Amino acid sequence: MKVAYLNDDFFSRLETCALNLRSDLTGFFGGKHLVNTYGQTVEFADYREYMLGDDIRRIDWNLYSRFEKFFLKLFTDERQMHTQIFLDCSASMGKTDPAKAAYALAFAAALGFLSVHNMDKLTFRMIRGGSSVDPYGLIVGKNAFFGAVSQFETIEFGEDADLEQAVLGCPVSQGNGLSVIVSDFFTESNWKKAVDYLCFKKRQVLLVQVLSPEERDPSYSGRVNLLDSESSDALDERNLRLKITRGMQQAYEEALRDYIADITAFCASRGAGFVSVCSDQPIERVLFSELLKTGILE
């Protein structure tokens, strides 16, 4: 499946942006994210009194000449973070709608590019069933990133995805970066436990819900057969034959609004970011508007 969004123009437009991660994350030395601790950068932050054992090379002798006390110069600290992007590869994400799958992949790639552009480490994890697969290993630098993205065309969508088991069974580092889940969240698994687990690990969390135009505003009418894309059994109870009425359409629209409102409220209660996007929206507009609202992008 060719991902039409992923080209040089797409990534060049992203170079003006940056991920805005919380300053209380720890991360690794050598990155570009300012944190609350003091470090060895050239940007001055504050002074404090000299204590026995401090590095005398950091004493400000000008202050000593004025106050006859020793004060140390403190500088800001910058860290390298680790971004984990979990991509739902279930059938509902793209088996029957390649445009939705391409949109989800492009969104994941955009967030990944912003990570490596900020000198962060990156991991793509593909969720299938109750496990998450890491096909590209730890990605550091743009060459490794573009090597991984060039293989996105081989990603297949099928079966179901258990977000809870896939995330809980994945090794997650403590408080060193951003975890993103890209999914439609049309799942029977308890994805809220996955979010709670990531928050327990003190990671910054972002949920990206990708919907197709048909899922956002169904155009069905009359008698139809509704087949669950994640079911291989024609007799599955999730497959329905019914007559679509205007009342049913309104009920669906209301249920979808309530579900999105529930996700929004849950994420707000956990300090996580959340955006719900439709695959017919220009992806740049979503990135530069919706993500700016969440505070993830700057």
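Quick note: the coordinates plus some simple rules give every number you see, no bench work behind them. Note that the structure is a prediction, hence the values are computed from the model and not measured.
Once the piece of chain linking Ser150 and Lys201 is laid out straight, how much longer is it, given 0.36 nm per residue of separation minus the C-alpha distance between them?
Working: separation 51, 0.36 × 51 = 18.36 nm, distance 3.11 nm.
Using 0.36 nm per residue and subtracting the Cα-Cα distance, I get 15.2 nm.
Given 0.36 nm per residue, what is the gain on full extension from Lys192 to Ala268 after removing their alpha carbon distance, in nm? List each step's numbers first, then the result.
On the way: separation 76, 0.36 × 76 = 27.36 nm, distance 1.23 nm.
Working it through step by step, the gained length comes to 26.1 nm.
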